[in-house]
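Each value in this text was obtained by applying a stated rule to the coordinates, not by laboratory testing. Keep in mind the model is a prediction, meaning the values are calculated, not measured. Positions of Cβ are generated from backbone atoms using ideal geometry, with glycine treated the same way; all protein chains shown enter the neighbour counts.
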Amino acid sequence: MIKTIILHEIRQHIFSLRLQLIFVIIFILFILGSVAYIFQFKSSINDYETFSGKAREELLNGRNRGLIRTGNRNVTTIAVENQNYILPPLKNGFIDDSKSKYIPNTIQFNAFNVFGYSVSRRSGNPYLSLSQELNWYFIVSLILSFAILLLSFDSVSGEKQSQTLSLILSNNVPRSLLLLGKYLSIIISSFLMLLPGIIAALIILLISGTIRFDSALLLEVCIFVTVQILFIACIAALGLFCSVISRSANISLLLCLSLWLLFLIFSPNLAVFSAENLFKIKNSETISAEIKTVQDAINKAAPEGSWSMNGGDPFYPKHELRAKNQTNLMNAEKQINDEWYNMQFGQYNHVTIFTCISPISLFGLISEAITGNGYLRFQKNWNDFHTFQSGFLTWFKAIDTNDPKSPHWYNPYEDCSTTRMPLKFEEIPIYTERMMTIPQRLTKALPEILLLVFYSFLLFGTTVIMFNRYDVR
């Protein structure tokens, strides 16, 4: 009986104008999104390769030439010169880029400190970066979620108005079985709307040769498709719930649209507003003023001669005072900045907690974890960079310790009082990004997945209880 109900409902959906129009829209969006991503990814790769080549040249020849006192690159100039690392573009961005263009992707560092981060758009026109990417997450979370509600809003209330529901139930069909059949048919119909678009997108990406498909990428695609089924089930349960509690199809549609807007727009923005007001942090101008105040105090308290320098003599006695003062200045700035960065991270984490009331936001967090993109990627690289920086400093001090021509006065900004031994490019420590493994990503996404499943069971369970008491007259 359940099979008959499902097939009947699916047939109705397939021949409905609603599903046909939505199917065409989704299919076109998948094709357009794939073509757009191919051009975007090629451009991002070219920009990144240009930057990498320029960074290598600067590392070899020196960007801050005022640091070079001997006319040649040496261990100290490599250690103290500020470097920028830009995260390379990921090939799984067609699934979900997790708003990466708005998230810091450049980290500034040297051997003594990880100084900060910034956003490098690598675009000739920054206003073009404001456009929405047509990736799979966007299509599923925005277009498909709306489509599911359009398929489900009149599943009960609409049949009640047309007297179809009372006729069906007069045949002694168990109510819970009928509702389950409707629920499963909505899930299957919604997935069938997506499947051709996904297949077409994969074919386009594969034929283009721009994206190299390996086992890891295919696994990400499979996991995303599985998770989107959970998302479809949750939204379908929401649509059925609205249909059962409404007296007419029009009221059910209005309720569905209201909840869709609530989850899509109001909930995320309300979460940001709440986090900004409940967990306030200082702005960049205040932080800059604090750093300047502390550094001015350090300079005033520094012994006389702390700014003296003799570039030709590493053992110049005042170099030790200069190195200590520069270290104190760096540590003071680092302490203030690190506290500020941690407050930013904490505020963002609070926003994600507040948005968990929305199934759409939950799906976004799961998608971000699966692709290893967005904030999670930046946060991992930020933490990994501190480990790398510690090793970079250890490497530098080990070389300096073994150089009898160095006084070993460590200055984090200048090359006046440490080793000037030459080195080859191949000997320089280079940071390499380590992506989260698939098990690590799934572990990260597990709380949101469980919460999404809980919402589905809660909504559908409540719907079943209310439908068993539903007056079909």
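Worth a mention:
- Rounded to 10°, Cα long-axis angle of helix 267-278 versus longest principal axis of the chain: 40 degrees
- In the chain, the longest principal axis of the Cα atoms and the axis of helix 2-14 are about 70 degrees apart.
- In degrees, nearest ten, helix 374-401 long axis to first principal axis of the chain (Cα): 20 degrees
- The share of Cα pairs per 20 Å bin across the chain, counted from zero up to the longest distance, runs 20, 42, 25, 11, 2, 0 percent.
- Cross-link reach list, aspartates and glutamates versus residue 380, counting only Cα pairs under 15 Å and skipping chain neighbours closer than eight places: 368, 433
- Equivalent ellipsoid, the stretch 344-433 (semi-axes from 5 times Cα gyration tensor eigenvalues, Å): 44, 14, 8
- Whole-angstrom gap from the stretch 213-241 to the stretch 10-66, using each part's C-alpha centre: 20 Å
- Sparsely packed chymotrypsin sites (Phe, Trp or Tyr not before Pro) within the stretch 10-119, loop by DSSP, other Cβ within 10 Å at most 12: 15
- Order of 17, 179, 169 - criterion: other Cβ atoms within 10 Å of each residue's Cβ, fewest first: 17, 169, 179
- Here is the list for the stretch 264-328: chymotrypsin sites (Phe, Trp or Tyr not before Pro) lying in DSSP coil, each with at most 15 other C-beta atoms within 10 angstrom of its C-beta, are 279, 307, 315.
- When each of 96, 471, 338 is scored by the number of other beta-carbon atoms lying within 10 Å, the sequence from fewest to most is 471, 338, 96.
- Flagged links, alpha-carbon separation over 26 Å, of 324/397; 282/444; 324/405: 282/444
- Sequence-distant lysines (8 or more away, or on other chains) whose Cα lies within less than 27 Å of residue 182: 3, 160
- Ordered by the number of other Cβ atoms lying within 10 Å of each residue's own Cβ, fewest first, 97, 384 fall into the sequence 384, 97.
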